[in-house]
Structure formats: structure tokens, C-alpha cells
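**Q** Got a structure for you, questions after.
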Amino acid sequence: MNEKKISEIKHAFAKRVVTLPDGTSLPSLGQGTWYMGENPQVRDKEIKALQLGLELGMTLIDTAEMYGNGDSERLVGEAIKGRRDEVFLVSKVYPHHAGLDMISKACENSLKRLGTDHLDLYLLHWRGRVPLAETIEGMEKLREEGKILRWGVSNFDTDDMEELWNTVNGKNSVTNQVLYHLGSRGIDYNLLPWQRKHNMPIMAYSPLAQGGSLRRQLLSDPTILDIADKYNAQPLQIALAWTIRSNNVIAIPKAVQEEHVLANAEAATIELTEEDLNRLDQVFPKPTRKMPLDII
């Protein structure tokens, strides 16, 4: 990719931002790391991919203690060594580590693996048996100690968000990370509107679907192919451009190959028209009723 294209991408990221409730501006495209760090043979390639993503403007990196039992965090720590200040670093805590007796130790272990003294954002990975009030208390304590700067949740449906919102200090949550892509639009019915109403962005994981037939179907759809041709783009770039079409969704695709990192980043330069969006709505319609929250 030439310098002109790289400059175009960086310029696009300057405009395509999502604002957290505390006023922090983030790029609409970040980098996911699920399954990264688990294969030593591609470790160097994964590190270079993350570093290239940072250079292109995808400065949010998302990981979790669950990913590879900490191996993903170790990989991220290596990738950001010496450039921590460039990164908005996100990790997630297991539900069974989210009680007052364990959340501090879980966070400290993540920080050690990542080679940093704080997280920019710490998420509850999904709901477990620990009461929300207890997890919130633990998150607030970590924030007061400076180990995390802010916290949020993941895989919460609308009812969960209502319960969170009505729990003491629950309004301090800054995001909810959920599955969201053209082939999985359940949150468009009421979760995404709820989050917009409460000024809380969505973080979309697996924005290109998680492999398999659904991903193949998504990226081979004739309408997507036609729109991709219009923009001289790849189908995956149209799917990503759709996910970040508004200013309240941060997509975190994963890429190991440098060409995939470049393709993901370039999606930020594509601004779909109303006609494009209407055509995609016809093929991948909005839900007309409440759907179960998709989780993978």
C-alpha cells in the first residue's frame, strides 16, 4: 500500500471516531485478538500485524484473560512494549473472577501479562453468578486504585443493561461489547437503541462473522459484491463499513496477515450512502421482534 493510501486511512480515522460517555474519543475500528498468541509458529506475524494496525490508526486493542489462558495478553504486551501510550488497552475478566475476593488479583495478573500498570478499559466478559452490585464495587475499587481507568460489560442484553443501569454506580459503565455484524442484527431491535438513548457505545466483536458458512455467505452475497465493486473494495470492507456506519459502534476485527490488517483499516475510508444501506437492509433486514442475544 502506498503512502497516499496510508495517509487517506489515517485521515479517515481522524473523522471516524466514537465518543465514550467520559468524552474519550476512540477510532471506530480497533483490533481484536481472540485466538491470537496460541500458536508459537505465527507469533511474530501476529505481533507485526498488531503493530501495523497501530501505525494505521487502529489504536484500540481488545483482549481477555480467557483468550489462550492469558497467552493473548502476553502477545499484546509484547506488541505494545515501548509504545503503551499509543494504545487504548482493553481486557476482560472471567465472570467467576468478578467477585470482590478475586477481581483485584485477576486484574493484577492481566496487567502483569500485558506489561503495564493500568488498563484503559476493563470489561466483565459475560454475566455469571456474582451479583452485579459486587462486580461494580470491585470495578470501582480498581478504578480508584488507578489499575483501570474505566470499566464496562460484555454480552449483556437489554434486560441486563437495565439492571446494570439501576444498580448503584452501574451508570459508570462506558460500553457493552456484543456480537454484531450484517448477518447478526438482533441488537438493532432494542439493545442498540437503548444504548444510544443512554449515550453508551457498542463494541462489536466478530464484525465479519466468526468463520464458517455464515462468513462465506456474508462475503459472497451478490449485493455486497456489487457495492464492493462500486467502491473498488473487498466484500469484507463493505461489511466493516456497514458496522461502523454510525458514530456509536466500535468494531474490533481480528487480523493476522498484514494484508488483512490493511484491508480492515481501509474500510474506514468507505462511507456508504443511504442507497447502499437501504439495499443492504433488504438483503439483511432489521429484526421486527426481540431476538435472543447472539453469543459465540
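The values are calculated or read from the model by the stated rules, or taken from the named source; none is laboratory data. Remember, it's a predicted structure, so these values are computed and weren't measured experimentally. Using ideal geometry, Cβ is built from the backbone for each residue, glycine included, and neighbour counts are taken over all protein chains shown.
**Q** Test Lys105 against the criterion of being in contact (Cβ under 8 Å) with a residue 24 or more places away in the chain, part of a helix (DSSP H, G or I), more than 28 Å from Ala49 (Cβ to Cβ) and among the basic types (Lys, Arg), and give yes or no.
**A** no
**Q** Which of (1) of a type in the set (D, E, K, R); (2) touching a Gly at 6+ places or on another chain (Cβ under 8 Å); (3) more than 27 Å from Lys105 (Cα to Cα) is the odd one out, the single condition Glu134 does not satisfy?
**A** (3)
**Q** Within the group Ala98, Ala79, which residue is buried (at least 18 other Cβ atoms within 10 Å of the Cβ) and under 25 Å from Asn155 (Cβ atoms)?
**A** On inspection, the qualifying residue turns out to be Ala98.
**Q** When you scan region 54-71, how many residues do you find that are farther than 14 Å from Leu111 by Cβ and over 14 Å from the mean Cα position of the chain (by Cα)?
**A** Residues that pass the stated criteria total 9.
**Q** May I pose another question? Looking only at residues that are assigned to a helix (DSSP H, G or I) and out of contact with any helix residue (DSSP H, G or I) (no Cβ under 7 Å at 6 or more places or on another chain) in region 68-83, which one is farthest from Ala14 (Cα to Cα)?
**A** Once the filter is applied, the top-ranked residue is Asn69.
**Q** Run down Val93, Val87 and say which single residue is among the β-branched types (Val, Ile, Thr), touching a His at 6+ places or on another chain (Cβ under 7 Å) and under 26 Å from Thr135 (Cα atoms).
**A** Answer to the check: Val93.
**Q** So how many residues does region 25-40 have that are touching a residue at least 60 places away in the same chain (Cβ under 8 Å) and part of a loop (DSSP other than H, G, I, E, B)?
**A** Residues flagged as touching a residue at least 60 places away in the same chain (Cβ under 8 Å) and part of a loop (DSSP other than H, G, I, E, B) within region 25-40 amount to 7.
**Q** Restricting to region 214-235, count the residues that are modelled with pLDDT of 95 or more and among the hydrophobic types (A, V, I, L, M, F, W, C).
**A** 5
**Q** Only one of (1) buried (at least 19 other Cβ atoms within 10 Å of the Cβ); (2) within 16 Å of Pro253 (Cα to Cα) is not met by Leu214, so which one is it?
**A** (1)
Residue-by-condition table, conditions (1) in contact with a Lys or Arg (Cβ under 8 Å, 6 or more places away or on another chain); (2) buried (at least 16 other Cβ atoms within 10 Å of the Cβ); (3) closer than 30 Å to Arg127 by Cα; (4) without any contact (Cβ under 8 Å) to a residue 24 or more places away in the chain:
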residue: Pro253; (1), (2), (3), (4): no, yes, yes, no
residue: Leu262; (1), (2), (3), (4): no, yes, no, no
residue: Ala265; (1), (2), (3), (4): no, yes, no, no
residue: Glu275; (1), (2), (3), (4): no, no, no, yes
residue: Asp281; (1), (2), (3), (4): no, no, no, yes
residue: Lys286; (1), (2), (3), (4): yes, no, yes, no
residue: Pro292; (1), (2), (3), (4): no, no, yes, no
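**Q** Further, regarding this structure: Condition (residue is more than 20 Å from the chain's Cα centre (by Cα), assigned to a loop (DSSP other than H, G, I, E, B) and of a type in the set (Lys, Arg)) applied to region 233-256: is it met by at least one residue?
**A** Checking region 233-256: not a single residue is more than 20 Å from the chain's Cα centre (by Cα), assigned to a loop (DSSP other than H, G, I, E, B) and of a type in the set (Lys, Arg).
**Q** A further question on this structure: Is it true that some residue in region 128-140 is hydrophobic (A, V, I, L, M, F, W, C) and closer than 30 Å to Val283 by Cβ?
**A** No; the residues of region 128-140 include none that is hydrophobic (A, V, I, L, M, F, W, C) and closer than 30 Å to Val283 by Cβ.
**Q** Okay, next question. If I filter region 31-58 down to residues being within 17 Å of Gly115 (Cα to Cα) and among the β-branched types (Val, Ile, Thr), which single residue comes out as surrounded by the fewest Cβ atoms within 10 Å (Cβ to Cβ)?
**A** Ile47
**Q** A further question on this structure: Sort out which residues of region 143-163 are farther than 19 Å from Ala204 by Cβ and not charged (D, E, K, R), and write them in order of number.
**A** Once the filter is applied, which keeps residues that are farther than 19 Å from Ala204 by Cβ and not charged (D, E, K, R), region 143-163 yields Gly146, Ile148, Leu149.
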